[in-house]
Structures are given as C-alpha cells and as structure tokens.
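The values are calculated or read from the model by the stated rules, or taken from the named source; none is laboratory data. Every value quoted in this text rests on a predicted model; they were computed, and no experiment measured them. For neighbour counting, all protein chains shown are included, and Cβ atoms are generated from backbone atoms with ideal geometry for every residue, glycine included.
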Amino acid sequence: MKICRFENAEGDIKIGLVENDSTIIDLSPTGMDRLGRVLESEDPQAQVTALCHPQLPRWTLSEVCLQAPVDGQEVWAAGVTYLRSKKARMEESDFSATAYDRVYAAERPELFFKSLSEKVAAPGEAVGIRRDARWSVPEPELALVLNSHGRVTGYTIGNDMSSRDIEGENLLYLPQAKIYRHSCALGPWILVGASESDAREWTIAVAIERAGARVFQGETSIGQIKRRFEDLARFLFRSQDFPRGAVLLTGTGIVPPEGFTLKENDVVEIRISGIGVLRNPVAVV
Ligand code: DO4
Ligand code: MG
C-alpha cells in the first residue's frame, strides 16, 4: 500500500492513498490529516483500508502536486553501509581514509542528521549543488520510515545529495558536505506493509540526464546493505527521542566515477523496484 502527501488545486495539503500508481484517494475527510498519525498505528495498512470508502474524493496524479512524504519527522542518514561507498570514500580522502574502513567494520554505524522535514525537496522540486563545491553527486538511498517507537513502518526513496570534494578535504566538514539548501529529497510516497526481507529483494537504480542525454546510470541491490534495518533504527533511537518519528536514509551503494560531477539543470531519477521513481532537477544553491 502506498500513502502520499499531496497538494490539491486549492493549495491544501492532504494525505492520500495511491492506487495503481495513478489515482489518489483523498483520506482527509476521514480525519487523517498527518502521515505521522497513520504511521503511529499498530497496522497502518489495516487502518487505511478500514477508513477507505467509495465516497472519498479521487484525483489522478496529474491533477495534484506530490509533496515530500514527511510531516514533522527529522531526517537522518546512515553512511558507509555498502562496500562500494566505503571504497569510494577511502579513495576521495587523503587523511581520513581509515575512518571509513573502521566504521564499515564497527558495530556502531555512522549516523548523521540530514534535514528538517520542512526543508526536504519534494518529487519534481530542485535538489541543490553547493556553489562552493567542485564535485557534487546524488546518493540514491532506500529510506526507512520509523514511527516514534523506532519501528520501521514504511519505505520511501531518498537522495542524500553530497559535496564529495568538501567531505574529502576533511571529515570534520561532513555537515557542510551533507546539509545545505535542498540537499535532501524524498518521495514519491511511502510504501507500507513490506518486510525487510521484501525490501532486500529490491533493486535501486539511478539515471542522470543532461540536455536530454543520459550521462550516468548505475544500479545495485538493496540486499547489499551490510546492516540490518532494525540495527540501524536501534542505534538512531539510542538515548534519543523522536516523538514525531524519523526517516533514516540507509546509505548509498552507487557512486559515479571520479571525473563525474552534477551540473545545473541535470535531472536525477532514482528508481527502487518495490516503491517507484523519485525525479528531481538540479539547481546551484
Ligand atoms: O561518511 C560519509 C557519508 C556516507 C554516506 O552518506 C553514504 O555512504 O551514503
Ligand atoms: Mg549517503
């Protein structure tokens, strides 16, 4: 089951159930006004099914504007969870290479704050490349949607935009390489009702278009993520509270080659086989 946030023609933000990736059933007349509320329920899928009735308003996807599927959750990210990410980061960095090596092997994962929910770019909205960065890349990642108890209640697609030259210069610059205007996109919706073993069967792919031509594409399997989702969630919730839940990006396993950097007006398309497609143009910020 897919649940989204959308803006209708009157400019109101609503919660909807997505059917066949093409129709949205507006859940707001049932009192369901926040994604967080659906996700807090013991069984979100059963709750939405019980609320749905044939009189609810319906829209086609083209009649509405999808919003980032977050309403109050902090967005965090895990790093160096794929061997590919560890290798690429050890190559980009002169003196912090061993940090990546160590964190990949350690019990405690790398976790970092990524975005407030109101700053997340929606599907179709621009993602940013810093004007003071020389080497910018998208990081296509599966995002875990966690309720306030740290339980994985759904999945969405995330883009952890990164400035690799800034990160590579000094690991202490990581927050600047990772957190800036429009550095995080999520969407197009949240898939509920799938298990971790379902998710581990999915593929994640990215395609980057420049002036109508494909300049990079890559694909990997979600099954390559080294850590179990519940372990990542457990560490995030250690000595920390998320009363509105949280979204946790699970790390990237696709890294463009060294000579590749994003440019203004490129389009980044991330596809996860079990979820859908997140597409964003690129802007200099
Ligand atoms: O250690 C730096 C960030 C790692 C990251 O974002 C990733 O592996 O996806
Ligand atoms: Mg990342």
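Being of a type outside the set (Val, Ile, Thr), in contact with a helix residue (DSSP H, G or I) (Cβ under 8 Å, 6 or more places away or on another chain), at pLDDT below 95 and surrounded by 15 or more Cβ atoms within 10 Å (Cβ to Cβ) is not true of Arg151. Can you tell me which residue within segment 40-86, out of those that are exposed (fewer than 14 other Cβ atoms within 10 Å of the Cβ) and in a helix (DSSP H, G or I), is nearest to ligand 2 (Cβ to nearest atom)? Filtering first and then ranking leaves Leu83. The number of residues in segment 87-114 that are more than 8 Å from ligand 1 (Cβ to nearest atom), crowded, with 16+ Cβ neighbours inside 10 Å and within 16 Å of Thr250 (Cα to Cα) comes to 4.
Per this entry, Val38 is not counted among residues that are β-branched (Val, Ile, Thr), in contact (Cβ under 8 Å) with a residue 12 or more places away in the chain and under 22 Å from His182 (Cα atoms). Thr81 satisfies every condition listed in (1) more than 14 Å from the chain's Cα centre (by Cα); (2) touching a residue at least 24 places away in the same chain (Cβ under 8 Å); (3) away from ligand 1 (no atom under 11 Å from the Cβ) except (3). Looking only at segment 22-39, how many residues end up being part of a loop (DSSP other than H, G, I, E, B) and closer than 12 Å to Phe6 by Cα? Residues flagged as part of a loop (DSSP other than H, G, I, E, B) and closer than 12 Å to Phe6 by Cα within segment 22-39 amount to 3.
Restricting the search to helices (runs of 4 or more DSSP H) fully inside segment 171-285 and requiring at least 1 residues that are of a type in the set (S, T, N, Q) and loosely packed, with under 14 Cβ neighbours inside 10 Å gives 196-199.
Scanning segment 217-240 for residues that are farther than 15 Å from Glu196 by Cα, away from ligand 2 (no atom under 16 Å from the Cβ), in contact (Cβ under 8 Å) with a residue 24 or more places away in the chain and of a type outside the set (Phe, Trp, Tyr) turns up just one, Glu219.
In segment 116-162, what residues are among the hydroxyl-bearing types (Ser, Thr, Tyr) and within 12 Å of ligand 2 (Cβ to nearest atom)? Before you say what the answer is, go through the steps one by one.
Here is the first cut: in segment 116-162, the ones among the hydroxyl-bearing types (Ser, Thr, Tyr) are 117, 136, 148, 153, 155-156, 162.
Within segment 116-162, just Ser162 meets the criteria.
Taking (1) within 16 Å of ligand 2 (Cβ to nearest atom); (2) closer than 17 Å to Val284 by Cα; (3) basic (Lys, Arg) in turn, Arg89 satisfies each apart from (2).
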